[in-house]
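Peer 1: Take this structure, written in structure tokens, and hold onto it; I'll ask about it next.
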Amino acid sequence: MKVSIAHTEKKKGMIFSTRYYGVTVHVEFSEEEKAIIEERGFANETVVVRDYSADVDAEAIESRGLGRKLLSAAVSGADSLNPSLTIQKLLNGPDTHYFESYLEAQEYENEFKTSLKNVKDGMMAHAEGPQDSTFEL
């Protein structure tokens, strides 16, 4: 698993512009890891629980009609309706999430690193299969 993390900034608005701080994560899974994800059905596992990106109108997304949600799911996949970062989103390519402050972006990066390490450990545990254990109490 090869991980790249980059920080970006963008402004939204002309007169009263708002600055957003983005974290772009890109994970390249090895063929073995991809096989484990597919075999064990890990694609929809959540890596980081998060809300909608700060640069989008969350209320507008939530108030979409059923037809619009079904169309989004059909075109972009059912995972597109979930704001959390999943393994499937990482498999699809780089993921950028924006925050209102640089501190929030740093916290997100730290949470991502910790969570991704746990995902990697879990995948390797599943690759080895169940282990027998003997112990004395």
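Peer 1: Considering only the range 89-108, how many residues are assigned to a helix (DSSP H, G or I), surrounded by fewer than 18 Cβ atoms within 10 Å (Cβ to Cβ) and in contact (Cβ under 8 Å) with a residue 24 or more places away in the chain?
Peer 2: Matching residues across the range 89-108 total 3.
Peer 1: Might you let me know whether the range 30-43 holds any residue that is touching a residue at least 40 places away in the same chain (Cβ under 8 Å) and in contact with a Ser or Thr (Cβ under 6 Å, 6 or more places away or on another chain)?
Peer 2: No, the range 30-43 contains no residue that is touching a residue at least 40 places away in the same chain (Cβ under 8 Å) and in contact with a Ser or Thr (Cβ under 6 Å, 6 or more places away or on another chain).
Peer 1: Out of all the residues in the range 60-78, is one or more surrounded by 12 or more Cβ atoms within 10 Å (Cβ to Cβ), closer than 30 Å to Thr18 by Cα and modelled with pLDDT of 80 or more?
Peer 2: There is no residue in the range 60-78 that is surrounded by 12 or more Cβ atoms within 10 Å (Cβ to Cβ), closer than 30 Å to Thr18 by Cα and modelled with pLDDT of 80 or more.
The values are calculated or read from the model by the stated rules, or taken from the named source; none is laboratory data. Source: prediction; values computed, not measured. Neighbour counts are summed over all protein chains in view; Cβ atoms, including those assigned to glycine, are modelled from backbone coordinates with ideal geometry.
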